[in-house]
Amino acid sequence: MQFAADAMLGRLARWLRLSGYSVYYSRTSSDEDLLKRAMKQGLVLLTRDGALAGRAEKLGIRVVLIHSTDVEEQLLQLADELGLRYECTPVRALCPLCNGPLVEVEKEDVRGKLPAGVVESVDTFYRCSRCGKYYWHGTHWKNIAQRVERIGGRLQASREG
Ligand SMILES: [Zn+2]
């Protein structure tokens, strides 16, 4: 399942990408652009705009009208309505910044490009094959993974309760 998100959903787009879901997102995309892309590429449209959702439905585009402004609530809504699952590993993730696929790179490739302390203390690095940004299992990734886990935990709780 692949998505197009409206300009108000930048944070949601980044979180979905981290869980491996492809999301077309641009801060400057117009409604027409979103509708055209969703139609052509079979994307599920995510929007906070009721009027846009209505237009999409008339065109036969699958659309989810997002209720909350809180990103965790938004993720929970998508889990409920579309059955999305969130799991955050660099192997599965897409680049949160540009939606590009991450590829594993050797320690030698990052030497001189990242702080020496990081290069020495981390074994596996990933590079976005589109924008070139580096990622690795470190504090930052751990924080992200923990947040994703927390959302997963809330999901479990809301299903049981
Ligand atoms: Zn990227």
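The relative contact order of the chain comes to 20 percent, based on Cα pairs under 8 Å that sit 6 or more residues apart. Absence of a disulfide-compatible partner, taken as no other cysteine beta carbon within less than 4.7 angstrom, is noted in the chain for CYS88. Counting lysine pairs in the chain that sit 8 or more residues apart in sequence, or on different chains, and whose Cα atoms lie under 24 Å apart gives 7. Treating r as the C-beta distance of VAL103 and ASN143 and R0 as 25 Å, the FRET efficiency rounds to 0.65. Rounded to two decimals, the Cα radius of gyration of the chain over 2.2 N^0.38 Å is 1.14. Label-to-label distance, VAL119 versus GLU73, with points set 7 angstrom from Cα along the beta-carbon direction: 4.6 nm.
Given +1 at the Cβ of Lys and Arg, -1 at the Cβ of Asp and Glu and no other charges, the dipole of the chain around its Cα centre is 280 debye to the nearest 20.
Note on TYR134 and ALA157: their simple-model spin labels are 3.8 nm apart, each label 7 Å out from Cα toward Cβ.
Taking the C-alpha atoms only, the angle from helix 71-82 to the longest principal axis of the chain is near 60 degrees. Pick from VAL118, VAL91, VAL64 the residue whose mean-square fluctuation is largest in a GNM of the chain, springs joining Cα atoms under 10 Å. Most flexible of the set in this elastic network: VAL118. Against the compact-protein benchmark of 2.2 N^0.38 Å, the Cα-based radius of gyration of segment 97-155 scales to 1.27.
Readers should treat all values here as calculations from the given coordinates under stated rules, not as data from a laboratory. Quick caveat: nothing in here was measured; it's all calculated off a predicted structure. No Cβ is skipped: glycine too gets one built from the backbone with ideal geometry, and neighbour counts run over all protein chains shown.
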